[in-house]
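To start, the structure itself, in structure tokens.
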Amino acid sequence: MASELVPLTGIRLPTMGEMFASRVRDSRSISADQALVHMIKVMMGTGMLSLPLAFKHSGIWLGMILLAIICAICIYCTRQLVYGQHYITFIKREQRMDYANVMRNAVELGPSWIRGHGYLFKQLVNVNMFVAQFGFCCVYFVFMADNLKQFFDQTSNIHLSQATWIALLMIPITALCTIRELKALAPLAACANAVYLIAVTIVLADLFSDWYPWTSLPAFGAVESLPLFFGTVMFAFEGVAVVLPIENQMNEPIHFITPNGVLNTSCILVLLLYMTVGFFGFLRYGNDIKDTLTLNLPQTPFYQAIKIMFVLCILVSYPLQFYVPMERVEKWIKRKVVENKQEPLIYAIRFGGVLLTCAMAQLIPHLALFISLVGSVAGTSLTLVFPPLIELLCCYSKQQLTPWVWLRNIGLMLFALVGFSTGTYASIVQIIEAFGQSDV
């Protein structure tokens, strides 16, 4: 049967051309250029604006080094995930597979003692993905509401509470979340990227306007503050869960994974931007840097308008992040629900998801810090734990478990353990400090 797993032990292994063969075009297909637009957009979120604060914790030069290292590790782990997906889909004679099912099938290719736990690992991925993606969506609500409130408070007679702005934002967000195809979001994402680049260019111009003396800023931060750096950076790299949904809709998947393909190109471009914002943001504002760069911008009408540009860009990022959990829900509905009831239920769940993230943003104090904690836990698992495990299981099925394969993947998972513990620690420390300040 086409769906049966047939390990390739003892026969010729598939070539790159076979594993990454062209897909049959359909109404959902996207080109490499459209995939690049989506990848850049999902990785250029609110976390980037907090990188100068991360550099404050690490020191200006150590921050540059660690940021590059973490990005390289994230790229490598993402490539593991993509290779694992195409190896498994080649075995199963399928064209596409989501993250959770890649994990499940990899486990079912593993040793006999783990093969029966594929469904458990699939749900483990799903839980982490839902937590991470809904967490990011909640942060977007708070980020947009805070910037809108500050803009109108300082430039007009409109003085609305943060809760009111969150409620008003539900209207455009709900409308955007009725779009169920990534291809339909491509024009919006392209426009948002253009606006975002303009806003970032203006912010960079401000960063280059004046600097603290180089000698007044630490080159290397204190060891005890490095966990805060790691937590902030891991939150910035928030696009891993969207990688397979984007790659799965490409006409020519080989263009995603080549050395100059979509994945490497998008990650390197984003890394260069991250380095610039983090380095020069800290050099511009020094130890006075706040949680996000928008809070440090000059209080003039021009720079206040920049906040609106960022809000519009994040508004488009919301449905892109929202797409991942909703794709899983829609697949479940199409399997379990009769056809004439599928569409109403899908839209009802989409509206319910927007309402849930809105309610969380309304009810939970210091939400951004809680979401940073969630991102450190779920984001670290999705990016740094599951992909090395998938590679180990796929190599087992190919009888290629060499000492080097073991060494690099165990090393990556140990790094993930450090990232989990330090990121969690960093978030908890910030939460305790925030509650302490609010009680004064």
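Points worth noting:
- Within the same chain, lysines fewer than 8 places from K336 are excluded, and of the rest, those with a Cα less than 25 Å from its Cα are K92, K122.
- Peptides ranked, highest mean first, by Cβ atoms within 10 Å: ranges 23-36, 420-433: 420-433, 23-36
- Note that region 418-427 has calculated 3J(HN,Hα) couplings of 5, x, 4, 5, 6, x, 5, 4, 4, 5 Hz, one per residue in order, obtained from phi through the Karplus relation 6.51 cos²θ - 1.76 cosθ + 1.60 (θ = phi - 60°); glycine and proline are x.
- Degrees between helix 32-43 axis and first principal axis of the chain (Cα, 0 to 90, nearest 10): 50 degrees
- The modelled label-to-label distance between L176 and R93, using points 7 Å beyond Cα along the C-beta direction, is 4.2 nm.
- Stretch gain in nm, segment Y212-A359, where the contour uses 0.36 nm per residue and the Cα spacing is subtracted: 48.8 nm
- When peptides 378-390, 300-312, 110-122, 283-295 are ranked by their average number of other Cβ atoms within 10 Å per residue, the highest-first order is 378-390, 283-295, 300-312, 110-122.
- Highest-MSF residue in the chain out of G135, G419, G352 [GNM, Cα springs under 10 Å]: G352
- Annotation: peptides 339-346, 253-260, 242-249, ranked by per-residue average of other Cβ atoms within 10 Å with the highest first, follow the order 242-249, 253-260, 339-346.
- Phi angles across region 201-208 convert, under the Karplus curve 6.51 cos²θ - 1.76 cosθ + 1.60 with θ = phi - 60°, into 3J(HN,Hα) values of 4, 5, 4, 5, 4, 5, 5, 8 Hz, Gly and Pro given as x.
- For region 134-227, alpha-carbon Rg relative to the globular expectation (2.2 N^0.38 Å, N residues): 1.52
- Computed over region 30-439, Kirkwood Rh from alpha-carbon pairs, angstrom: 22.0 Å
- Extension gain, T15-N340: 0.36 nm per intervening residue step, less the Cα-Cα distance, totals 112.7 nm.
- Using θ = phi - 60° in the Karplus curve 6.51 cos²θ - 1.76 cosθ + 1.60, the 3J(HN,Hα) couplings for region 60-65 round to 5, 8, 4, x, 4, 5 Hz; x is entered for Gly and Pro.
- In this structure, the amide hydrogen of C177, modeled 1.01 Å from its nitrogen in the peptide plane, lies closer than 5 angstrom to no residue at least 5 positions away or on a different chain.
- Normalised convex hull volume, region 97-189, alpha-carbon set, Å³ per residue: 127 Å³
- Mean separation of Cα pairs under 8 Å and 6 or more residues apart, divided by the residue count, gives the chain a relative contact order of 35 percent.
- Inter-probe distance in nm under a simple model that places probes 7 Å from Cα toward Cβ, at T201 and S225: 3.4 nm
- The alpha-carbon of K307 sits under 25 angstrom from the alpha-carbons of these lysines, leaving out residues fewer than 8 places away in its chain: K41, K56, K149, K290.
- For region 25-75 and region 371-419, distance of Cα centres in Å: 20 Å
- Net charge of Cβ neighbours under 13 Å - reference F152; Lys, Arg +1; Asp, Glu -1: 0
- Percent of alpha-carbon pairs separated by more than 24 Å within region 1-136: 48 percent
- Under a 5 Å amide H cut-off, with hydrogens placed 1.01 Å from N, M250 pairs with I30 among residues at least 5 apart or on other chains.
- With a Förster radius of 41 Å applied to the C-beta separation of D153 and S27, the computed FRET efficiency comes to 0.35.
Coordinate-derived values only; no laboratory data. Predicted, not measured: the structure shown is a model, and the values here were computed from it. Cβ sites come from the backbone with ideal geometry, for glycine too, and all protein chains shown count toward neighbours.
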